[in-house]
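Engineer: Before I ask anything, here is the structure I am working with.
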Amino acid sequence: GFCRDHNVPNRPCGSLVCLWPWDADDDASNVDGSKKSPQNKLEKVARESWDAGDTHAAILSTQEVKRLEPNLSPECQGAVHIKGEIVLDPWLFPMALLVQARENGLTVYTHFQYLAPESHFNEKEKVWTMYRKTSDVGAVPTTEMNTSDSPVPGRIRARVVINATGINCDLTQSDTANCPPATWKSRPRRGQYRIFNMTDKTRFECPIQPVPSHFSKGIFVFSSLYNQIAVGPTALDQESRTDREPDEAVAAQLSNLGTKILPGLDPQADVGANTSVFVRGPIDEITRSMRTRNGVGLAQLGYVRRV
């Protein structure tokens, strides 16, 4: 696969969608009002994977989960093993993609801070002109492709531009000349993790996730390639686009969840927190790539689904 061919450290391990007694479930009852059994809930998860073409997904009993991951809490009521998941190095993977792209003719410019007010779209030529901010006070638009102080172009002209400015994508579009104002508002959502060192009592391979609800995929517990355990992310709405300060109350909740899933985890042995702010908004109006709330945070910490 790609990781092997490009020397990206990775661990093919699959993941476990675990059913826990403390997880609330909006679909906890059948049509006749009777309670769904753990087997019913796991079959629903497995069926979604099978229908999506993942024929290797398998339902595991409590005993089978214990044999696969002996350090997990015995309160696990069973799981679905999704075998096509891997853990990888979150820095080297995108760097490998970048190297491959350059080998195939891509030109990469770094330190190109987009200057929205001077950039514009020419309706007649159907061409975008994007200017680079060259100082703290802005830039004077130039017709030269390169400025005198940098090999990075002072401007770039293109027929297609992808607005990938994340949480500020609506502001970027609205600030660009001759560009229709954004029809949505980026609504910030905070994703917070708690990070712990791994010990013999907490060692495990498969990323652990709960049975998802209608609203969320839930909080994951997974181990990196470098003997660290991550618990998260949360998905809490906030007004600020820039506030990434970890919330101590949320950190305590994540520690508590971590110890429920891994009884050997020492909540005092954490090594820090990771907090990101990402977009919560209309899927169709922003981008199809933001289909799940977990994508950004999990990719930062090195957990992806093999495709």
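The values are calculated or read from the model by the stated rules, or taken from the named source; none is laboratory data. Just so it is clear, the model here is predicted, and its values are computed rather than measured. Using ideal geometry, Cβ is built from the backbone for each residue, glycine included, and neighbour counts are taken over all protein chains shown. These area figures cover heavy atoms from the full protein model, side chains too; ligands, DNA and RNA do not enter into them. Shrake-Rupley method; radii C 1.70, N 1.55, O 1.52, S 1.80 Å.
Engineer: Kindly report, to the nearest 10 Å², the accessible surface of residue 222 as traced by a 1.4 Å probe over protein heavy atoms only.
Structural biologist: Residue 222 exposes around 0 Å² with every protein chain in place.
Engineer: Also, quick follow-up: Quick one: if you stick a label point 7 Å off each Cα along the C-beta vector at residue 236 and residue 185, how many nm between them?
Structural biologist: Between residue 236 and residue 185, the simple spin-label model gives 2.1 nm.
Engineer: What distance in nm lies between label points placed 7 Å from Cα along the C-beta direction at residue 55 and residue 124?
Structural biologist: Reported label-point gap for residue 55 and residue 124 is 5.9 nm.
Engineer: Additional query: Cross-link candidates for residue 66: which lysines have Cα within less than 16 Å, leaving aside residues fewer than 8 places away along the same chain?
Structural biologist: 201, 260
Engineer: Based on the Cα gyration tensor of the stretch 174-219, what are the three equivalent ellipsoid semi-axes, each the root of five times an eigenvalue, rounded to whole Å and given largest first?
Structural biologist: 40, 16, 9
Engineer: Using a ≥ b ≥ c from the Cα gyration tensor of the stretch 152-198 (square roots of the eigenvalues), is it rounded, prolate or oblate, where a/c under 1.5 gives rounded and otherwise the larger of a/b and b/c decides, a/b for prolate?
Structural biologist: Oblate.
Engineer: Kindly provide the trypsin sites (Lys or Arg not before Pro) of the stretch 44-144 that DSSP labels as loop, not H, G, I, E or B, and whose Cβ sees at most 11 other Cβ atoms within 10 Å.
Structural biologist: 124, 126
Engineer: Among all the lysines, which ones have a C-alpha under 30 Å from residue 124's C-alpha, if same-chain residues fewer than 8 places away are not counted?
Structural biologist: The reachable lysines, counting only those whose Cα sits under 30 Å from residue 124, are 133, 185.
Engineer: Oh, and also: Which value in nm describes the separation of the simple spin-label points at residue 163 and residue 248, placed 7 Å from the Cα toward the beta carbon?
Structural biologist: 4.0
Engineer: Given that compact globular proteins tend to follow 2.2 N^0.38 Å, what is the ratio of the alpha-carbon Rg of the stretch 152-284 to that value?
Structural biologist: 1.36
Engineer: Tabulate in residue order the Karplus-calculated ³J(HN,Hα) for the stretch 111-122, using 6.51 cos²θ - 1.76 cosθ + 1.60 with θ = phi - 60°, rounded to whole Hz; enter x for Gly and Pro.
Structural biologist: 6, 9, 7, 5, 9, 4, x, 8, 6, 7, 10, 8
Engineer: Still on this model: For 17, 160, give the ranking by accessible area with the largest first, probe 1.4 Å.
Structural biologist: 160, 17
Engineer: Right, something else. Which order do 220, 215 take by accessible area at a 1.4 Å probe, largest first?
Structural biologist: Greatest to least solvent exposure: 215, 220.
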